[in-house]
Structures are given as C-alpha cells and as structure tokens.
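Data block below; observations after.
The values are calculated or read from the model by the stated rules, or taken from the named source; none is laboratory data. Model, not experiment: these values are computed from the prediction. All Cβ positions, even for glycine, are placed from backbone atoms using ideal geometry, and neighbour counts span all protein chains on display. Heads up: the accessible areas ignore ligands, DNA and RNA and are worked out on the full protein's heavy atoms, side chains in. Shrake-Rupley method; radii C 1.70, N 1.55, O 1.52, S 1.80 Å.
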Amino acid sequence: MTDNKQHLTTTPEGSRDSLTWEFDGIRMGHAISRFNELRSFSARGSANDVVRLHIGLKGNYSFHYRQLDRDFHLIGGHHNILYSRDFDMTVDPRTPELETFGVQFPRETFLRFTGEASDLLKSFAGKIMSGSSAMLSEHWGAVDPGIEQVVRQIVSNPYKGDLERLFLLSKSIELLVLCAESCHEAGREAPGFVRDPRDKEKIIAVRDLINKRLDSPPNLSEIARTVGLNEYKLKRGFKETFRTTVFGYLTEQRLLLARQYLCDTRKTAAEIGFELGYSTPQHFNNAFKKRFGRTPDMVRKNP
C-alpha cells in the first residue's frame, strides 16, 4: 500500500503546498512554495540513511549544503542525486515561486537498483558504501521533456492501492535512470554556449511560455521578443539546455499530454487534437502514430 499525504501550510512569509507518497521504504515529494518576501530559510533532515534525487522544476534559488560544504546557485529546471546520512541546508530563494520534486531511496535499495549501472553511478555507489557525503555529478542535469513528463505522471496519477504502489515504484526507477543518464551526458559536454545566468533564465522562460500555450504556440519571433533574446541565441541556447529544438519540445509536450488525456479522460481523440492545436484529426493521428507507433484509438483501448 501507499501512504499519501497532502499539506497546505500558510504563514505570513508565504505558503507551501506539498504532496508526498511513501511505499516500500521510498519517499516521493512534490512541493510548490510561494514567498511573500525572499528570505533565507533552513531545511534539515534527520539521520535517515537515504539517497536523495532532487529535481528543481521551476524557480531560481541558492543553497549551502553543510554536509558537502558546498554552495549551489541553480536556475530553472535542474536535477542531481545526493547522499549524506543527514542534511542541513540554508536556502536562499531568488524568485517568488519554487516548484520542486524529490525521491528518497533507502541506501540499500539504491545500491540494489544501481548494482549493474553506468561507471558514473558505480563511482557514486562506492562513495555511498564508504559512508562519504557525495553527489552524483559536478554537472547538474537539465530537466528535459522526458523527466518533466514522468514527474507530471506521478503527480496526477489516478491509481489506488497496490496498483499505485507498482506504478510509483516503476516511475521512481524510471526517474533514476533518466536523471543519471542526463547527468552523465552533461558531464561529457563542452563548456556551454549559454553562460550568462540572465540568458539562462530567459531560456527557462521560453520553456514555460511554450507549456502555457501548447494550444496556440507563439512563433520564434514572438518568443524572442517576449523573453528578450535574439533568435539565434534562443534556438541554440534552448537546444543546449533541453537537448531538443523549440519546435521539437512543443511537439513532444503536445503528444505526451495527448497520451495522458487519452488514458485519464473521456475526451475523444478528435477533441484532444483540437484542444492541443492540431488543425485536423488526421494531422493529430499521424503525428501521434509517428511518435508512439500506435494510433490514439489503440492507446485508448489498450494503454
């Protein structure tokens, strides 16, 4: 069984809306924090021997991680995997809203999952077994469409009981694999094209703008004017950050959302295609089949 809890905490400083799931010793959590005033706050954890997969979905912040004696300055979508027997952080929010997601794996569970993994994960596992505080990679990975979609599937999952437990377990492993691969690729890449933090924030804003307007997406010129980047820097910076083009990201998000609608709602394929901005049902069917290898009707009948 899965233990689910939802909390809304409101204080004069702001609010925090959180949802947690616990199953098989694994703990997942999703939180949206809103600040009336940008002030530092502490985040502490008890001496639970866990490995933490941290995903920042929205917002900018800095934090000092005492166990690693490191400072991190993070913008937009990012992720990494960290280990310490307990943790003590001082967080400085830089934007009025932060959205985060995390998975805590018991130490032995994580080591079992990664026993035959990549060299990067094996090196990280070695540090865990020695009891050393560590992080998977010096390079924080970007939250690409695949990672973002898995998080959204978890947050909106409709299942109950043992089916939910199995679903969440499979998604926790999928997130672990995707994030480890992303950090591995980030470590192999040459120094980035987008180095100015202000430009990085603008690239993240492009992603957020696309997500808000999947049904009527702006063209490149409009996006460039809205965020204040020239089209060349926009296109190259977006591809470097999210490993896909602006158009590729738009198409992927539309189709992933379409598949979710087919599984979770009673809307027809034609209604979903129209809602997501496809000009005709045939256009939607062709794009969907090209991406998933099955038609919308096939997915509706057998998810």
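Figures for the structure shown
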{"item": "Separation in nanometres of the label points that stand 7 Å from Cα toward Cβ, at residue 118 and residue 268", "result": "4.5"}
{"item": "Size of electric dipole in the chain: Cβ of Lys, Arg +1 and of Asp, Glu -1, about Cα centre, debye, nearest 20", "result": "680"}
{"item": "Accessible-area composition of the chain, carbon plus sulfur, in percent [1.4 Å probe]", "result": "50"}
{"item": "Stokes-Einstein D in µm²/s, Kirkwood radius over Cα pairs - the stretch 146-190 at 20 °C with 1.002 mPa s viscosity", "result": "186"}
{"item": "Whole-Hz ³J(HN,Hα) from phi, Karplus 6.51 cos²θ - 1.76 cosθ + 1.60, for the stretch 201-213, glycine and proline x", "result": "4, 5, 5, 4, 5, 4, 4, 5, 5, 4, 4, 6, 10"}
{"item": "The stretch 256-299 versus the stretch 1-71: alpha-carbon centroid distance in Å", "result": "35"}
{"item": "Coordinate range along principal axes, alpha carbons of the stretch 53-171, Å, largest first", "result": "41, 39, 23"}
{"item": "Pairs beyond 28 Å (Cα-Cα), from 239/290; 171/289; 5/290", "result": "5/290"}
{"item": "The chain - mean residue ellipticity at 222 nm from DSSP helices (-39,500 (n - 2.57) per run, n ≥ 4, rounded to 500)", "result": "-14000 deg cm²/dmol"}
{"item": "The stretch 1-94, accessible area per residue, ligands and nucleic acids excluded (1.4 Å, Å²)", "result": "51"}
{"item": "Computed over the stretch 46-100, Kirkwood Rh from alpha-carbon pairs, angstrom", "result": "11.8"}
{"item": "Hull shadow area, averaged, the chain [alpha-carbon convex hull, nm²]", "result": "16.8"}
{"item": "Amide H within-cut-off set for residue 141, under 5 Å, with H built and near neighbours excluded", "result": "79"}
{"item": "Longest DSSP-loop-exposure-free segment, GluC sites (Glu not before Pro), the chain, at most 15 other Cβ within 10 Å", "result": "190-303"}
{"item": "D_trans [Stokes-Einstein, Kirkwood Rh over alpha-carbon pairs] for the stretch 1-74, 10 °C, 1.306 mPa s, µm² s⁻¹", "result": "109"}
